[in-house]
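Chemist: Dropping the structure in here first, questions after.
The values are calculated or read from the model by the stated rules, or taken from the named source; none is laboratory data. In this text the structure is predicted, and so the values were computed from the model without any measurement. Virtual Cβ from ideal backbone geometry, glycine too; neighbours counted across all protein chains shown.
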DNA sequence: CAACTATTTGGCTACTTAGCCAAGTAACCA
DNA sequence: TGGTTACTTGGCTAAGTAGCCAAATAGTTG
């Protein structure tokens, strides 16, 4: 595999970890600070097992880090730069197949 | 659907458009300027129909814009902010399930 | 207009992913 | 120790996605 393709694959894995409405919602919520799985479950509104799988996928990708304290496991963002990331998205998100650049 | 979930869905659609090695490779290549489908086909090394489907998905998501000139269709990024986006990725990509933040 | 080139679209198959339920693990408390 | 709470894992099914091939479309050139 060519070098540039390997790099793209690694990067794509990180992006993939955010490319799902529930996972992105989780990432956005964690911008305000850490949360435990049961809080995230309420936020997302899915089965706890489903949320847990999303979280472990995000942790694997390096997007989140976790921290066990007592019975709870707290998750937080591994990187602050996610804010810029999301601001960039908002420039693109409202546009649909236009013919001129957004910025 | 709650408002924050709707927003996350729209954003996730944009992220999804970049969450594939070939599509990311395309986006990275287009940071240096527009390219036509046949050049992108060579870059990705897949069937032209496959590349074309990736491109239309990215255009739908608002990530790319296209421009037909003669027989060729040229694609370019809809937004310059993708550079910051990718730089953020590189901070995360090399890390795997560590317990401390990368930045 | 016919042949040619560039690109898109439709159709199909193989693979991946999301979500739920049920069962397993691990820390805490009576 | 036995029950309870918090979370993860395994197993399954349904839905979505990627990729190829073949056919269709659209602009170009002789």
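Chemist: Please go through region A:56-83 and pick out each residue that is more than 8 Å from every other protein chain (Cβ to nearest Cβ), at pLDDT below 95 and within 16 Å of DNA strand C (Cβ to nearest atom).
Modeler: Result: no residue meets the conditions.
Chemist: Could you tell me whether any residue of region B:2-18 is outside any helix (DSSP H, G or I), surrounded by fewer than 18 Cβ atoms within 10 Å (Cβ to Cβ), more than 9 Å from chain A (Cβ to nearest Cβ) and more than 11 Å from DNA strand D (Cβ to nearest atom)?
Modeler: no
Chemist: Do we have residue B:22 as within 10 Å of DNA strand D (Cβ to nearest atom), within 11 Å of chain A (Cβ to nearest Cβ) and closer than 21 Å to residue A:11 by Cα here?
Modeler: yes
Chemist: Can you say whether residue B:32 is within 16 Å of residue B:76 (Cβ to Cβ), out of contact with any helix residue (DSSP H, G or I) (no Cβ under 7 Å at 6 or more places or on another chain) and not in a helix (DSSP H, G or I), as far as the supplied structure shows?
Modeler: It is true that residue B:32 is within 16 Å of residue B:76 (Cβ to Cβ), out of contact with any helix residue (DSSP H, G or I) (no Cβ under 7 Å at 6 or more places or on another chain) and not in a helix (DSSP H, G or I).
Chemist: Being at the interface with chain A (Cβ under 8 Å from one of its Cβ atoms) and crowded, with 17+ Cβ neighbours inside 10 Å, is that true of even one residue in region B:37-55?
Modeler: The answer is no, given that none of the residues of region B:37-55 is at the interface with chain A (Cβ under 8 Å from one of its Cβ atoms) and crowded, with 17+ Cβ neighbours inside 10 Å.
Chemist: May I pose another question? Answer yes or no: is there a residue in region B:7-17 that is modelled with pLDDT of 95 or more and in contact with a helix residue (DSSP H, G or I) (Cβ under 8 Å, 6 or more places away or on another chain).
Modeler: Yes.
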